[in-house]
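Inspection log for the structure reproduced underneath, given as structure tokens.
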Amino acid sequence: DLVRSRGLGDVYKRQEKKGENLMIKDITLGQYFPGNSMVHRLDPRYKIIISGIFIAMLFIGDHVICLEIGAVFVAMALILSSIPLKMIVKSIKPIIPLLLFTSLFNIFFISGGMPIFEWKFIKITDAAVHTTFFMFVRIILLIAGTSLLTYTTSPIALTDAIERLLSPLKKIKVPDHDLAMMMTIALRFIPTLIEETDKIISAQKARGVDLDGGKLMDKVKAVVPIIIPLFVSAVRRASELATAMECRCYRGGEGRTKMRQLKSGAADYVSLMISILFLASVIFINAMN
């Protein structure tokens, strides 16, 4: 995973220098950036739990101060992880157009509250502005905070952590190992599919396919020469992965041992306690207002 991640980083840097396919190279979901920061060294089980606490923190609070507390939490995690800020910005950038569109839709169509602007059939209320603002900031903070989980945790460690957290479900016959493996494989292949998409776009452009110009329907039709080869490539990779796992006598988690055992330490306990304190402060402020 370390070699693959560094190799992906080299590809990413080459694309950045060329300036090609900007939207493709801006997608960083699922990538792991090796490091030795405090966040990198945390037990992945605690990182998943802290991520859950952070999500609850964002959606429980209904006051601006609660959002500020969430922003402080993200800033602290970002500083301690040593992940460059530009990587977080790149993970947020692709979703900005969708957020802006959704925000405009909410502003004009959410009813209730006191009107602050009226013109003919257009009516904007304070409730619509409040809801839109909170939705926009929450999603931005959500992406920024949860991205650190995959940025600082290798796929293997993430698989082990998910499996250990789901292990109590074995008592009700839930295949915890299979679920963890599927989720991790999905995360692992996101960067691979992004790189494959970049190659297909470059190949189609070299064949004279116009992917940028034309009307909206022309752009929609231009997606077909990208989607079909990408789908075929994804199916082929899935088949190759299944064959490789069969050749290595993979039969699920039954009887399997792990080379690295997950061990928690003082830093994990302190991080969890700090996260709980942040959540408690959000709940307190929300209750007081």
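Numerical summary
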| item | result |
| --- | --- |
| Inter-residue pairs, beta-carbon under 7 Å, first closer than 18 Å to LEU149 by Cα and open to solvent by 60 Å² or more (accessible area, probe 1.4 Å) and in segment 160-179, second assigned to a helix (DSSP H, G or I) and among the β-branched types (Val, Ile, Thr), 6+ apart | LEU165/ILE48 |
| Subset of segment 102-125 that is assigned to a loop (DSSP other than H, G, I, E, B) and in contact with a helix residue (DSSP H, G or I) (Cβ under 6 Å, 6 or more places away or on another chain) - its residue that is most open to solvent (accessible area, probe 1.4 Å) | MET114 |
| Residue check for THR146: under 14 Å from the mean Cα position of the chain (by Cα), assigned to a loop (DSSP other than H, G, I, E, B) and in contact (Cβ under 8 Å) with a residue 12 or more places away in the chain | no |
| Candidates ILE48, ILE92 - the one that is assigned to a helix (DSSP H, G or I) and more than 27 Å from ASP268 (Cβ to Cβ) | ILE92 |
| Criterion: at pLDDT below 80, outside any helix (DSSP H, G or I) and exposed (fewer than 15 other Cβ atoms within 10 Å of the Cβ) - qualifying residue of ASP218, ASP212 | ASP212 |
| Matching residues, segment 233-269, being among the hydrophobic types (A, V, I, L, M, F, W, C) and either part of a loop (DSSP other than H, G, I, E, B) or surrounded by fewer than 11 Cβ atoms within 10 Å (Cβ to Cβ) (or both) | VAL235, ALA244, CYS247, CYS249, MET259, LEU262, ALA266 |
| Qualifying positions in segment 49-74 - in contact (Cβ under 8 Å) with a residue 40 or more places away in the chain, under 17 Å from LEU165 (Cα atoms) and either among the small types (Gly, Ala, Ser) or open to solvent by less than 40 Å² (accessible area, probe 1.4 Å) (or both) | ILE50, SER51, ILE53 |
| Check on ILE96, buried (at least 16 other Cβ atoms within 10 Å of the Cβ) and of a type outside the set (Asp, Glu) | no |
| Residue count, segment 106-139 (criterion: under 24 Å from the mean Cα position of the chain (by Cα) and either farther than 20 Å from PHE59 by Cα or among the aromatic types (Phe, Trp, Tyr) (or both)) | 3 |
| Residue list for segment 159-178, filter: part of a helix (DSSP H, G or I), of a type in the set (D, E, K, R) and over 20 Å from the mean Cα position of the chain (by Cα) | ARG164, LYS170, LYS171, ASP176, ASP178 |
| Members of segment 79-89 found to be open to solvent by 30 Å² or more (accessible area, probe 1.4 Å), over 21 Å from THR132 (Cα atoms) and in a helix (DSSP H, G or I), listed by number | ILE79, LEU80, LEU85, LYS86 |
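The values are calculated or read from the model by the stated rules, or taken from the named source; none is laboratory data. All values reported here derive from a predicted model rather than from experimental measurement. As a convention, Cβ positions derive from the backbone with ideal geometry for all residues, glycine included, and neighbour counts pool all protein chains shown. Ligands, DNA and RNA are stripped out before the accessible areas are found, and what is left, the full protein with its side chains, is counted by its heavy atoms. Shrake-Rupley method; radii C 1.70, N 1.55, O 1.52, S 1.80 Å.
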